[in-house]
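Chemist: One structure is given below, represented as structure tokens, and several questions about it will come after.
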Amino acid sequence: MREISDGVYQLEVPMRYNPLGYTYSYLLRDAATLIDTGVGTREALESLSRQLRRAGIELSEIRHLVVTHLHGDHIGLMEQIRRISGAKIVAHRRAVEIQRERLEDGGRIFEETKNELRLLGGGSYMNFLSGFGDRVRRKRSVFEIDETVEDGDLLSLEGEEIRVHLTPGHAQEHICLHDEKRHILFSGDHVLPKITPHISLHDPWGGDPLREYLQALDKIHGLPVKTVYPAHEHSFDDLDGRISELKIHHKMRCEEMKEAMRGGAGTVYEISSKVSWDSRPWPRMDFWTKRMAAAECLAHLVFMRNNGEIHEESRKGVLHYSL
Ligand SMILES: [Zn+2]
């Protein structure tokens, strides 16, 4: 825990089974507001509670919980803290829609995953997947959102004011929060100093998240920000410089995928197997990691397809991409 500005604290919430190690939760003490909570474990709750006390506030005194996006390492303790404190949960309007969809389609996830594998050329894993049967479900928690915000809103929190920027890409509902008075940006997972956020797509007609992501980078470029406080890794000062690096990264990834298509058309799984991955080489990835890698590859392919840079065609129900 450290005080990063007058009355603003960075709390390190441990996340044992994730290589990132922790999620930062941010406390605006005078507004009794927490931005993100970390994972939903007892260890995380105890740690958060201890750190809050050291910052001069009890968990039960929290009045507002702001969600940057609906991933487990950010919202894990939302419901529990609300129960303890009666705090109001604030998120972008899209978060409400996404939670509703999750409630409705939870049971269809197995069929959808099978279709996705077929379409993207991962059919060889079908037997493996079938072994999981009904256990393949969305396990994310769904909770009531008390107050929604829109892009550009100035969120008023008992004396503190925070500007909301909708920044989709890593998650459709992702928001960055700009403390304009202190020149601080709480960037969630949208901009991290070292790693590039996972941009994924499971359905080739389900939107263009990479385009949205790049546009959302442009959107926060040039904001008067002295320091960026992300949800992982560490704080940094050069927001615009990091945005340029991220844009170059995705451009290079697109080039690498085009290179992989030089020998002819390929399925998403074939192209994924030919490009480099930070985690480990393709042959050593387990199925679930391969599926994440393929989803990241598809996000880039759909971006290029929509630009008219590459072609997409269906051969016997399997999509092939070519130059
Ligand atoms: Zn995260």
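Chemist: Just how far, in whole angstrom, is segment 275-321 from segment 202-225 if you go by their alpha carbon centroids?
Modeler: 19
Chemist: Hey, fewest Cβ within 10 Å first, where do ASP6, ASP238 land in order?
Modeler: ASP6, ASP238
Chemist: Something else now. Give the peptides 272-278, 147-153 in descending order of average Cβ contacts within 10 Å, highest first.
Modeler: So the peptides 272-278, 147-153, ranked by packing, come out 272-278, 147-153.
Chemist: Quick check on the chain: of the DSSP beta bridges with both residues there, what percent are antiparallel, nearest 5%?
Modeler: DSSP beta bridges in the chain are roughly 70 percent antiparallel.
Chemist: When you count, for each residue, the other Cβ atoms within 10 Å and take the mean per peptide, how do 247-259, 111-123 rank with the highest first?
Modeler: Details: 247-259: 15.0, 111-123: 18.1.
Descending mean neighbour count gives 111-123, 247-259.
Chemist: Further question: Mind putting together the pair-distance distribution for segment 133-238? All Cα pairs, 5 Å bins, whole percent per bin, short to long.
Modeler: Taking every Cα pair in segment 133-238, the percentages come to 2, 11, 18, 21, 19, 14, 8, 4, 2, 1, 0.
Chemist: How big is the dipole moment of the chain about its Cα centre under a simple scheme where the beta carbon of each Lys and Arg is +1, that of each Asp and Glu is -1, and everything else is neutral? Debye, nearest 20, please. Could you put the intermediate results ahead of the total?
Modeler: Values: 44 positive and 51 negative charges, 230 e Å.
For this selection, approximately 1100 debye.
Chemist: Filter the cross-link list LYS219/LYS251; LYS88/LYS219; LYS194/LYS226; LYS258/LYS290; LYS114/LYS290 down to pairs whose alpha-carbon distance in this structure exceeds 24 Å.
Modeler: Over 24 Å apart, Cα to Cα: LYS88/LYS219.
Chemist: Residue by residue through segment 198-210, what is 3J(HN,Hα) from phi via Karplus (6.51 cos²θ - 1.76 cosθ + 1.60, θ = phi - 60°)? Round to whole Hz and write x for glycine and proline.
Modeler: Calculated HN-Hα couplings, in order: 5, 10, 9, 8, 10, 9, x, 10, x, x, 9, x, 5 Hz.
Chemist: Now for a separate question. In sequence order, what are the phi-derived ³J(HN,Hα) couplings for segment 117-125 according to the Karplus relation 6.51 cos²θ - 1.76 cosθ + 1.60 with θ = phi - 60°, rounded to whole Hz, with x for glycine and proline?
Modeler: In residue order, the calculated couplings are 4, 4, 5, 8, x, x, x, 5, 8 Hz.
Chemist: Based on the mean of other Cβ atoms within 10 Å per residue, sort peptides 311-323, 21-33, 221-233 so the most packed one is first.
Modeler: Details: 311-323: 14.2, 21-33: 21.0, 221-233: 17.3.
Those peptides, ordered most packed to least, come out 21-33, 221-233, 311-323.
Where a number appears in this text, it was derived from the coordinates with a stated rule and is not lab data. As the structure is a prediction and not an experimental result, all values here were calculated from the model. Don't worry about glycine lacking a Cβ; one is built from the backbone with ideal geometry, like all the others, and counts go over all protein chains shown.
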